[in-house]
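What follows is calculated from the coordinates using simple rules that are stated; it is not laboratory data. Only a predicted model underlies this, so the values are computations on that prediction, with no experimental measurement involved. Here the Cβ is made from the backbone with ideal geometry for all residues, glycine too, and neighbour counts use every protein chain on show.
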């Protein structure tokens, strides 16, 4: 989920949405969401089946910094796959997400969970990664079924890393995806997921399968990325004619993909474009005042139109700072307090990560920012999925903690500040 400065040069681009072109339907989409009618209102289960050091810093803090453990790849590389699984990953998988979390998600009014998973859950050959996450994915789907929420399955990490971020499994300076056999290996792992969860036995609960999270387009061959999605779409249709196929826009406007995977292009149907919007991964963004963050969301509303596919905001948050520990990478500081290399001091991070110390003014500012985003996304897209359902100590990103403190609207349609966006 965390994104670096190179990405957020593109941050002003936001979600595009329009009713999809009329098509001759073979089926209706399966998965319990009526796309184009229902609003997706969800949360991500980040930091579970793919480790993210800032979500659960207690895991990284167990190890001496000299070992260079900054992501799941280096964890398994250092400890060995079996030891990493048995000593670290399995205890984490067993404890971080429970049925009670799904119940709270449902009780809070959310109707979707997006579950990130790495390719290595299905094929860890020629890598240090440990397997074992797949059975927990099955458990999560069953819990979702029990409480009545739907699931978006998200391939969050690809061989070689599609973006170089730690949330892909491997933090590196430049994506290694598209080198060697990494694309074919991604398609193979993804096809296992598509074949299993495209089966009709999951029609009541799996709303969509996302082919690849956040491919870093500026550092990749765009033609190869498009062909990957074309091949992934074809593979999915072998298993299901009506399971929604989701693709991330690669930090471009969704209308960049107009004409791609449409009824006139390979007779493609039931395609959704996922866009992620954050307001804290550039120095100029964390420099903004709360009212400017709200205005930024509203001012971008004009680019929410023009796509020929359904769109959702698959990741966003309440964060106006990047103060969450290790958000920019384990051992890397924050732009907000000037500890990130090359950044400028804008304020102290001292109390940001302790919601108990938030002033009422700051609580209202965070809620206002959340409400502005909800307003913009509900009005102009098919919905949204908040990042994240919970964290160990980053309340700007923690839906459960924000709800418990009256900051995330309950019910989800409640508005403390009325209409924020006038455009």
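Of all DSSP beta bridges confined to the chain, the antiparallel ones make up roughly 5%.
Pairwise Cα distances in the chain exceed 32 Å in 30 percent of cases. For 396, 371, the sequence from fewest to most other C-beta atoms within 10 Å is 371, 396. When only Cα pairs below 8 angstrom with a gap of at least 6 residues are kept, the stretch 258-323 shows a relative contact order of 49 percent.
For the chain, what relative contact order do you get, as a whole percent, if you take Cα pairs closer than 8 Å and at least 6 residues apart? Can you show the working numbers first?
Values: 869 pairs, mean separation 96.3, N = 423.
It comes to 23 percent, rounded to a whole number.
One Cα centroid belongs to the stretch 50-101, the other to the stretch 284-317; the line between them spans 33 Å. The protection proxy used here, the mean number of other Cβ atoms lying within 10 Å of each residue, ranks peptides 196-202, 47-53 as follows, highest first: 47-53, 196-202.
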